[in-house]
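Below is one structure, written out as structure tokens, with a few remarks after it.
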């Protein structure tokens, strides 16, 4: 039987590829092979969690640029909520620590000699000097202020006031220990809360915790870490990653191998949500749903399936990849037995209120966090972490995560933090396309043509939920 060959051009990880589209032999589709069969949906309806959610279809642009809004958020949100501070694998041993900043607040997260985790405000109780200025440290036994040599142990206890006898008793009668904050470690991640009495950690994250556990992040390690300074409000930045409506226009290169249209939306209490979307499946927005394009062929080959002899068409690719990964001798060297079939192919995309989004795969996780600038409401920081599982030699985290070919992904060396700007974000094609949107969105909100409002569709319900939950904090209802 003659093979019908056609060509098109798409882009894969910022590389133009001339596609050979192969028309395979016709076949009978097996029942269930093209169904989404996603993980069970969240039992929560958005309008039940937030009865006033319809009021967030039109919102004011002021909340994305007003200095007063920034002040309210510092007082009522960041000081109360649980926040993702960092990655457990970054501080595996006693004496290891990292710094976490959010707005004007700075914290030290450290593992002490008893292997207990402590989170402490990064400020000397003498005159307010920051104790650490670096991103990470190892083998610490104490923290010493470089200005006057006051010293604190890893639990935050003050162990030295230099020239103590020169201070009057009224200066030293107060608590001189570092001020602690609440800290929790779960699923390979470290969380903090600056609230005096925060919501119990397990209650705050609820149903999302088992899902996070299932990806074994505790066994992953950081292979890329960016901090991108972006001229946009942190909410503008976060919202870009809280909907898939933009994918067909912003990321047209993914349509041949990602279904960006038939997406599962799940909503949870306390502002959390997730999208699940199929990878290894053609978008309905792509004109050809049957031919195996180069993107699909790449995923097949990566999983050890020869595209040339594949007995099926594009509708069978996703299922074939799942079956190939189930083999004990799969090319990735991963034990997939604890994952659902859909986790083996699809992008599971939870958002953790208030400022974290994750694109999750057994092979690697793209974790992004969005933080406010200390003083400017129209600037923010985008933290990009790429985590990798221990993969077979030659294998790498998913290509769209932007890990450059020359980056070591063995886990032997923790990469340094790369600080950069929106002009040179170094995040890979997909992330950089999103950053470009952040900048123009923020700039455009100053236009008189908007009438000081922006609107959201039903495909942007995750943003509506985010704003509704944020207002519960700003209005003192959380």
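Below is a table of values for the structure above.
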| quantity | calculated |
| --- | --- |
| Alpha carbon centroid spacing (whole Å) that separates the stretch 133-173 from the stretch 268-282 | 46 Å |
| Cα-based Kirkwood hydrodynamic radius, the stretch 318-430, one decimal, Å | 16.0 Å |
| Between the stretch 60-101 and the stretch 348-407, the Cα center-to-center distance that results, in Å | 16 Å |
| Cα-based Rg / Dmax (Å) for the stretch 82-197 | 14.3, 48 |
| Exposure proxy ranking, count of Cβ atoms within 10 Å, fewest first, for 243, 363, 393 | 393, 243, 363 |
| Helix 461-474 axis, angle to the chain major axis (alpha carbon atoms, nearest 10°) | 10 degrees |
| Footprinting exposure proxy for 211, 237, 401 (fewest neighbouring C-beta atoms within 10 Å first) | 211, 401, 237 |
| Contact order relative to length of the stretch 82-197, as percent, for alpha carbon pairs under 8 angstrom and 6 or more apart | 28 percent |
| Calculated diffusion of the stretch 253-355, Stokes-Einstein form, Kirkwood radius summed over Cα pairs, 37 °C and 0.692 mPa s, µm²/s | 224 µm²/s |
| Estimated D of the stretch 86-130 in µm² per second, where Rh is the Kirkwood radius over Cα pairs and Stokes-Einstein applies at 4 °C, 1.567 mPa s | 116 µm²/s |
| 0 to 90° range, to nearest 10: angle between helix 429-444 axis and the chain longest Cα axis | 60 degrees |
| Cα-derived Rg over Rh, computed across the chain with Rh taken as Kirkwood radius | 1.00 |
| Taking 455, 230, 417 and counting other C-beta atoms within 10 Å, the order from fewest to most | 455, 417, 230 |
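Only the coordinates and a few stated rules stand behind these numbers; no lab work does. Since the structure is predicted, the reported quantities are computational estimates derived from the model, not experimental observations. No Cβ is skipped: glycine too gets one built from the backbone with ideal geometry, and neighbour counts run over all protein chains shown.
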